[in-house]
Number of protein chains: 2
Amino acid sequence: MTQAAPLAEIWRGPFLESVHAGHAVICDGTGQIVSAWGNPDAVVLPRSSSKMLQALPLVTSGAADTAGLGAEHLALACASHQGAPRHVDRVNQWLSDLGLTDNALQCGPQESRDADLRIDMIRAKKSPCRVHNNCSGKHAGFLTLAHHLEAGPDYVAPDHPVQTACRDAFETVTGMDSPGFGIDGCSAPNFATTMHGMARAMGWFATAGQRSDRLSKAATRLTEAMYTHPDLVAGDGRACTRLMRASQNPIALKTGAEGYFIAILPRHGLGIAVKAADGATRAAECAIAALLVRLKVLHPAHPDVAAFLNPAIVNWDGLVTGEIKPAPGLMA
Amino acid sequence: MTQAAPLAEIWRGPFLESVHAGHAVICDGTGQIVSAWGNPDAVVLPRSSSKMLQALPLVTSGAADTAGLGAEHLALACASHQGAPRHVDRVNQWLSDLGLTDNALQCGPQESRDADLRIDMIRAKKSPCRVHNNCSGKHAGFLTLAHHLEAGPDYVAPDHPVQTACRDAFETVTGMDSPGFGIDGCSAPNFATTMHGMARAMGWFATAGQRSDRLSKAATRLTEAMYTHPDLVAGDGRACTRLMRASQNPIALKTGAEGYFIAILPRHGLGIAVKAADGATRAAECAIAALLVRLKVLHPAHPDVAAFLNPAIVNWDGLVTGEIKPAPGLMA
């Protein structure tokens, strides 16, 4: 975690109140580093930014086709969704199609991040369910693969066929052995790799449409699912959804816990990995927006871009008291 | 913001997932630095960690005595409270005693951080009020002083007599001119100073009981109010409250937004100022606990200390997936 470079600044009035450092790597389709900030060799857990890697075996195995999954299912498999009705209803239907219920999910229950649904559930005295967990689509994908492989129900065990398939895919596309895993917020293993490894994987995803092997075809299908359904990948107000929509060319974006963020840019043939070394989401969102502006993928004046690139800090009474902005050198 | 030193580490399984850097200074009653990490000359906004400085004019002016304020009122004036019934009811009564209502508060409305009250209010379809704002006690103190000074209702204006009195007190006890202010989350000016300036002020507070001047007497009264009513300074589960209670000797602790934390240690005659450079509360809480263990003020095995010094990271399903711990060299 040494050599982190400045990513984002927090200003209040005339004072630089806080500053975020981290690592960022842009790779092309061959895995070569195009630009880097911080330490490309830093080993990091990409958390939910690796969901499209974890979804590769779902497609390559044939499980997705056998189960009749469409682009909406695949977008949800790659999602950290809001637990809004549009997400919860689709995952519940998917589980029902598998002959399963919420109980089959190994992720824990999480309160919905959708303000209206959360308030409705509080008023109706309903407890959060596993399907409301932001990872429930990924887990529905795991269950689909486990069923296809005729494997047991404990699909988050690191030696379960679902997870060994995920690890194989992860190591193939990052181009290196993973040094190990941590247990994620949803109880699934999350495999570690370097910043370069993750950016290499994103560059590989971005150029998958130029190749015809099974793994590349699966990557293209997942990337297309993400940018076709940005509202399913995250939700209203969220960075992934708003920034994907703000791009004129199709791009896939995915946040991860503890300040991770990735971008897949098929038109440019580039992939990006960002990690705020301190784990701050506000820094990762600002930095990924700045890098996408740098690459002319996003326009800084677009309201949905400015909302993350240079958001106002607003206090309890609605006064603007400061702003977040990218560290010098990141955007241009 | 240069030269920040490591303060706290975030581990997930075998991986150092994130790391927080910042500044920490320990000062004695003469303002001499006893120990320091990072940059003592870093200029920072101490945010709510400066509330006991902002409350000094309330006492020195005679306003507190004229209004008949007791230790509970003074603890609330120094508080970032939870907006629990115990806080809200006392501030409402205080306002009523002044012949005022919630409408006189210039802080904006904030949803209660007390889980039961928040849920009750959602079910009763009640909107958050200004009195629920974590700063409502500080603002009740401002209103009390404004009334005593026969000054106007816009008590958060930087040139209002309440705020010029706050600035005078702030500069006196930090021992230096403030380079300016930012507007805080509650709309009041928040004066900037160096880490050394803030630690000097805390050392001055810690030794105030040894002096008989009016300002020192006010400081002693505020410090005693804080450690006599730790539940009013923050609330259930909060670091200030739990760590003050965990100390065998009376100490006063106060968190501030964007990773600030201070400690006043009368028995040791020492003051501490901590700032996580990235603004992370989890880092400031871990670091202040580590420094208090270092000074043998707190015991690392006490459950309320361990909860901030070395908390487990628990996922949605209740599994322990990692831990937070102080950076090497901070605790010993």
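The values are calculated or read from the model by the stated rules, or taken from the named source; none is laboratory data. None of these values were measured; they are calculated from a predicted model. For neighbour counting, all protein chains shown are included, and Cβ atoms are generated from backbone atoms with ideal geometry for every residue, glycine included.
Being crowded, with 21+ Cβ neighbours inside 10 Å, of a type outside the set (D, E) and under 17 Å from the mean Cα position of the chain (by Cα) holds for only one residue in A:P189, A:P250, and it is A:P189.
Of all residues in the stretch A:184-201, those that are modelled with pLDDT of 95 or more have Cβ atoms under 7 Å from Cβ atoms of residues that are of a type in the set (F, W, Y) and part of a loop (DSSP other than H, G, I, E, B), 6 or more apart or on another chain, in A:G185/B:W316; A:C186/B:W316. Apart from one condition, B:S96 fits all of (1) within 14 Å of chain A (Cβ to nearest Cβ); (2) farther than 30 Å from B:A21 by Cα; the exception is (1). Look at B:T281 and say whether it is of a type in the set (S, T, Y), within 21 Å of the chain's Cα centre (by Cα) and buried (at least 21 other Cβ atoms within 10 Å of the Cβ). Taking the combined requirement at face value, the residue does not satisfy it. State yes or no: is B:D65 surrounded by fewer than 19 Cβ atoms within 10 Å (Cβ to Cβ), over 21 Å from B:L292 (Cβ atoms) and among the acidic types (D, E)? So B:D65 passes the test. Here the helices (runs of 4 or more DSSP H) wholly within the stretch A:183-294 that include at least 3 residues being within 14 Å of chain B (Cβ to nearest Cβ) and not charged (D, E, K, R) are A:195-206, A:281-294. How about the stretch A:253-271: which of its residues are within 12 Å of the chain's Cα centre (by Cα) and touching a residue at least 40 places away in the same chain (Cβ under 8 Å)? Listed by number, the residues that qualify are A:K254, A:T255, A:G256, A:A257, A:E258, A:G259, A:Y260, A:F261, A:I262, A:A263, A:I264.
Tell me whether the stretch B:318-330 contains one or more residues that are farther than 27 Å from B:R90 by Cα, at pLDDT below 95 and more than 21 Å from the chain's Cα centre (by Cα). Yes - at least one qualifying residue is present in the stretch B:318-330. Of all the residues in the stretch B:33-80, those that are in contact with a Lys or Arg (Cβ under 7 Å, 6 or more places away or on another chain) and either free of Cβ contacts under 8 Å to residues at least 12 places away in the same chain or of a type in the set (D, E, K, R) (or both) number 2. Among the residues of the stretch A:103-119, those that are more than 10 Å from every other protein chain (Cβ to nearest Cβ) and not aliphatic (A, V, I, L, M) comprise A:N103, A:S112, A:R113, A:D114, A:D116.
I'm trying to understand the selection: among the residues of the stretch A:197-240, which are over 17 Å from A:C78 (Cβ atoms) and either surrounded by fewer than 24 Cβ atoms within 10 Å (Cβ to Cβ) or in contact with a Lys or Arg (Cβ under 7 Å, 6 or more places away or on another chain) (or both)? Result: A:T207, A:Q210, A:R211, A:S212, A:D213, A:R214, A:D236, A:G237. For the stretch B:168-181, what are the residues that are within 14 Å of chain A (Cβ to nearest Cβ) and buried (at least 20 other Cβ atoms within 10 Å of the Cβ)? The one that is within 14 Å of chain A (Cβ to nearest Cβ) and buried (at least 20 other Cβ atoms within 10 Å of the Cβ): B:F181. Go through the stretch A:163-182 and give me each residue that's of a type in the set (S, T, N, Q) and assigned to a helix (DSSP H, G or I). Answer for the stretch A:163-182, where residues must be of a type in the set (S, T, N, Q) and assigned to a helix (DSSP H, G or I): A:Q163, A:T164, A:T172, A:T174. Among the residues of the stretch A:64-94, those identified as closer than 24 Å to A:I264 by Cα, in contact with a Leu (Cβ under 7 Å, 6 or more places away or on another chain) and in a helix (DSSP H, G or I) are A:A64, A:E72, A:L74, A:A75, A:L76, A:A77, A:H87. Within the stretch A:308-323, identify whether any single residue is closer than 26 Å to A:L16 by Cβ, in a loop (DSSP other than H, G, I, E, B) and more than 14 Å from chain B (Cβ to nearest Cβ), and answer yes or no. Checking the stretch A:308-323: at least one residue is closer than 26 Å to A:L16 by Cβ, in a loop (DSSP other than H, G, I, E, B) and more than 14 Å from chain B (Cβ to nearest Cβ). Among the residues making up the stretch A:98-156, those that are outside any helix (DSSP H, G or I) and hydroxyl-bearing (S, T, Y) are A:T101, A:S112, A:S127, A:Y155. Whether a residue is polar (S, T, N, Q) and either touching a residue at least 24 places away in the same chain (Cβ under 8 Å) or within 14 Å of chain A (Cβ to nearest Cβ) (or both) was assessed, and B:T164 does not pass this test.
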